[in-house]
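Quick notes on the structure that follows.
What follows draws every value from the coordinates through simple rules; no lab data is involved. Keep in mind it's a predicted model, so treat the numbers as computed, not measured. We place every Cβ from the backbone using ideal geometry, glycine too, and count neighbours over all the protein chains shown.
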Amino acid sequence: MMDLVPIPEIIAALVLAAIAAGIRAAWRIAGTRLGRRAETTTHRSADDDGPGRTQARLVASCVLLVIISVPLILHLVPPNGLYGFRTGATRSTPAIWYPANAFMGWSLSIAGVASAMLLVMLPTTAKRWMLWSVFVVPVAAAIALSFAYLRHL
């Protein structure tokens, strides 16, 4: 009976759901601390989201990225179809899955820490495009490096 229940996948899904709920709560708290009241409506314009709130959300996303990377680094995630560096090569061979996921975990962790540090150093008056580029460029570089590493395995 226990062979039919995918325990690692269920645990991973529950952990991801808990992390997502925590990040959402942190975003709401950060928005309140930035002098904004809690949103009571579900509809608001894109202009209503100030740069300070965007900055806080992106820093929270960096923290989430680092938290999600830790199980990959520690080889705790078995080959699956939900969580990890999933390509045809990694999913077919466990000997490739674990080193590729560990590398991607490290590179995403480094990208998350670097992005968070840069985001914290930027003024709250920084333009939105600058905030997003400080987040997206290191993450894209980490993903590109992970694919380059995978080719060498």
- Message: Order 78-90, 102-114, 60-72 from most to least packed using the mean count of other Cβ atoms within 10 Å.
- Response: 102-114, 60-72, 78-90
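Order the peptides 145-153, 92-100 from the highest to the lowest mean number of other Cβ atoms within 10 Å of their residues.
92-100, 145-153
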- How far, in nm, would the chain grow between Met117 and Ala148 when pulled straight, counting 0.36 nm per residue and subtracting the alpha carbon separation? 8.6 nm
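Take the Cβ-Cβ distance between Thr87 and Ser133 as r, set R0 to 25 Å, and report the resulting FRET efficiency rounded to the nearest 0.05.
Working: r = 27 Å, r/R0 = 1.06.
Computed FRET efficiency for Thr87 and Ser133 comes out at 0.40.
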